[in-house]
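The structure appears right after this line, and notes come after that.
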Amino acid sequence: STANAPEDDAPNRYSRTERTTYSRYSRDANSSGSSLPSNTLEKRIEELERELAKERQENARLMKMAQDKEELIGKLKEEIDLLNR
């Protein structure tokens, strides 16, 4: 279970950074008189945040699968060693 701890921390750390970055972009866009309305930018940001969350979930799922397979490989290697003896 300790192997999952870094994964659990990563989304929180990234979310905080992204929120800061997103709010900076919104301020910059508003102050510069961007051609895109801020609500369009906010919708795009929300869309990207949802996409990012899905990708993070998929990444966590794949990491778990890889970890499970590595554990299985280790167990099978041990079994092969026992059978060879």
Mind checking which lysines have their C-alpha under 17 Å from K64, skipping anything on the same chain fewer than 8 residues away?
-> K54, K75
May I ask you to give the percent of accessible area on the range 36-84 that is carbon plus sulfur, with a probe radius of 1.4 Å?
-> 56 percent
Would you mind listing how long the range 36-84 runs along its three principal axes, going by Cα atoms, in whole Å with the largest first?
-> 70, 10, 6
Please arrange K69, K64 by accessible surface area, largest first, computed with a 1.4 Å probe and ligands excluded.
-> K69, K64
Figure the gain on full extension for S35 and K64 (residue separation times 0.36 nm, minus the Cα-Cα span) and round it to one decimal in nm.
-> 6.1 nm
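The values are calculated or read from the model by the stated rules, or taken from the named source; none is laboratory data. Nothing here was measured: the structure is a model prediction, and the numbers come from that model. Side chains are part of the model used for accessible areas, which takes the heavy atoms of the whole protein and leaves out ligands, DNA and RNA. Shrake-Rupley method; radii C 1.70, N 1.55, O 1.52, S 1.80 Å.
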